[in-house]
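A.B. asks: Would you mind keeping the following structure in view while I ask a few things?
The values are calculated or read from the model by the stated rules, or taken from the named source; none is laboratory data. Everything quoted here is computed from the prediction, not taken from an experiment. Cβ placement follows ideal geometry from the backbone for every residue including glycine, while neighbour counts extend to all protein chains displayed.
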Amino acid sequence: MARINENFQKLKAGYLFPEIARRVNAYTEAEPEKAKRLIRCGIGDVTEPVPVAAREAMKKAVDELGERGSFRGYGPEQGYPFLREAIAENAYGDLDIHPDDIFVSDGSKCDSGNILDIFGPGNKIAVTDPVYPVYVDTNVMAGNTGEANDAGEYEGLVYLKCTPENGFVPAIPEEKVDLIYLCYPNNPTGTSATREQLEAWVAYAKKCDAILFYDAAYEAFIQDPSVPRSIYEIEGAKDCAIEFRSFSKNGGFTGVRCAFTVIPDTVVGTTASGESVPLKQLWGRRHSTKFNGASYPVQRGAEAIYSEAGKAEVAELVKHYMGNAKLLKKACEALNLKVWGGENAPYVWVGCPEGVDSWGMFQKMLEEAQVVVTPGAGFGAAGEGFFRISAFNSRENVEEVCERLKALI
Ligand SMILES: Cc1ncc(COP(=O)(O)O)c(C=O)c1O
């Protein structure tokens, strides 16, 4: 018999969203009439159409594939130069990120999980709590943890608590860690990190020779000009940070699939014998071995996100979702609930009413309002007592959710 990777046996109750889907399905079966009015504000999936500029570019690229003269087969694994150049120029401007530092992929979910391939065993790994579950589960699968305790915390991981008191940006740990996952603007709390907070993290990483994994999937939603959009805006970050970005949320590409990882030359790891190795070299090797590149039409679509027309359409999408966030935030505040986020990110993080826990609140919203939210506890022990409402929705649905909220509590 083939032996399995038993680390998978350590995973708790499946990934959060399948569990939500299971509960929603159970409700739909039990209450088919009421379930007809379900509004989903759970998973952070976009609802608005892909920008015209990107669609036109993708259609043109598909037509090119239909002509012998312009046909393209396998492209460069790292991504076409036209896209990497557009990213370097438009996403990083004068931050001195080179097209060569950029690795195009089919998603940040895969990138943030796959990155573990280039790290050896024995690293001390820190995650925030609450956290985007992919960071934790991929470490479990990779064998970087022990078993989970009753609170769902895995032995061997360092959990950096994010609370209202620290504004959901964790304090610098006392101990030395090797790999740290930071996601700002944050999923799930919808909060953002200030320049000073990121400076402290970069200083810590440099002091400990640690690597920061900086997930900036929600960068486009930043409204406050003082909030950094990239970790590379922080001096010294090019020596210690890997950044993940995605076209999923700014360009509505959740179904199209395109993202990228940035690793400057100066980010290094070490061998057991103490030799420094550039991580970009290892990631390039990994990428070209296990990945054959995002599709040509998709990369043309992503390039078009940076055209003048594309930028204008993205700005409209961001305005739409952030308008939703504002309405949701206001509706929750009107109920005297405590609310965070929603100002520089499309998520609103809400404290549960007295005496209701986060899965209790999920169930209450489902059964009494037919609104699907995400229970905070699904993002980690410190998420207990909170729930997340996603602003990715039509305005009509958001207005209806606000109305239903009024009647709920
Ligand atoms: C923090 C964070 N990173 C990455 C992703 C996934 O992005 P992609 O669609 O590029 O895989 C998500 C999706 O919700 C996310 O919330």
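A.B. asks: So which residues in the range 170-186 are among the aliphatic types (A, V, I, L, M) and surrounded by 22 or more Cβ atoms within 10 Å (Cβ to Cβ)?
C.D. replies: Matches in the range 170-186: LEU179, ILE180, LEU182.
A.B. asks: Go through (1) at pLDDT below 95; (2) surrounded by 14 or more Cβ atoms within 10 Å (Cβ to Cβ) for PRO18 and report which single condition fails.
C.D. replies: Of the numbered conditions (1) at pLDDT below 95; (2) surrounded by 14 or more Cβ atoms within 10 Å (Cβ to Cβ), the odd one out for PRO18 is (2).
A.B. asks: Among all residue pairs at least 6 apart or on different chains, which show Cβ distances below 8 Å where the first residue, located in the range 43-55, is closer than 15 Å to ARG257 by Cα and assigned by TED's automatic domain parsing to the domain that holds PRO346 and the second is at pLDDT below 95 and within 14 Å of the ligand (Cβ to nearest atom)?
C.D. replies: Close Cβ pairs (under 8 Å, with a partner that is at pLDDT below 95 and within 14 Å of the ligand (Cβ to nearest atom)) do not exist here.
Residue-by-condition table, conditions (1) of a type in the set (S, T, N, Q); (2) closer than 24 Å to ALA302 by Cβ:
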{"position": "GLY146", "(1), (2)": "no, no"}
{"position": "TYR159", "(1), (2)": "no, no"}
{"position": "THR194", "(1), (2)": "yes, no"}
{"position": "PHE253", "(1), (2)": "no, yes"}
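A.B. asks: Tell me which residues, restricted to the range 189-198, are over 18 Å from VAL136 (Cα atoms) and either within 21 Å of the chain's Cα centre (by Cα) or assigned by TED's automatic domain parsing to the domain that holds PHE379 (or both).
C.D. replies: Of everything in the range 189-198, those that are over 18 Å from VAL136 (Cα atoms) and either within 21 Å of the chain's Cα centre (by Cα) or assigned by TED's automatic domain parsing to the domain that holds PHE379 (or both) turn out to be GLY190, THR191, SER192, ALA193, THR194, ARG195, GLN197, LEU198.
A.B. asks: If you scan the range 394-409, which residues turn out to be surrounded by 13 or more Cβ atoms within 10 Å (Cβ to Cβ) and small (Gly, Ala, Ser)?
C.D. replies: Within the range 394-409, SER394 is the sole residue that qualifies.
A.B. asks: Looking only at the range 235-260, which residues are near the ligand (Cβ under 9 Å from one of its atoms), surrounded by 24 or more Cβ atoms within 10 Å (Cβ to Cβ) and not hydrophobic (A, V, I, L, M, F, W, C)?
C.D. replies: ARG245, SER246, LYS249 - these are the residues of the range 235-260 that are near the ligand (Cβ under 9 Å from one of its atoms), surrounded by 24 or more Cβ atoms within 10 Å (Cβ to Cβ) and not hydrophobic (A, V, I, L, M, F, W, C).
A.B. asks: Going through the range 27-56 one residue at a time, which ones are assigned to a loop (DSSP other than H, G, I, E, B) and either surrounded by 13 or more Cβ atoms within 10 Å (Cβ to Cβ) or among the hydrophobic types (A, V, I, L, M, F, W, C) (or both)?
C.D. replies: GLU31, LEU38, CYS41, GLY42, ILE43, GLY44, ASP45, VAL46, THR47, GLU48, VAL50, PRO51
A.B. asks: Okay, next question. What are the residues in the range 1-26 that are touching an Asp or Glu at 6+ places or on another chain (Cβ under 7 Å) and assigned to a helix (DSSP H, G or I), if any?
C.D. replies: If the condition is that a residue be touching an Asp or Glu at 6+ places or on another chain (Cβ under 7 Å) and assigned to a helix (DSSP H, G or I), then LYS10 is the only one that fits.
A.B. asks: Just a yes or no: is a residue in the range 131-152 touching a helix residue (DSSP H, G or I) at 6+ places or on another chain (Cβ under 7 Å), at pLDDT below 95 and assigned to a loop (DSSP other than H, G, I, E, B)?
C.D. replies: yes
A.B. asks: Shifting gears a bit: Any chance the range 265-286 includes a residue that's within 15 Å of the ligand (Cβ to nearest atom) and touching a residue at least 40 places away in the same chain (Cβ under 8 Å)?
C.D. replies: Looking for residues that are within 15 Å of the ligand (Cβ to nearest atom) and touching a residue at least 40 places away in the same chain (Cβ under 8 Å), one finds none in the range 265-286, hence no.
A.B. asks: Continuing with this model, one more query. If you go through the range 57-70 one residue at a time, do you hit one that is touching an Asp or Glu at 6+ places or on another chain (Cβ under 7 Å), in a loop (DSSP other than H, G, I, E, B) and exposed (fewer than 14 other Cβ atoms within 10 Å of the Cβ)?
C.D. replies: Yes - at least one qualifying residue is present in the range 57-70.
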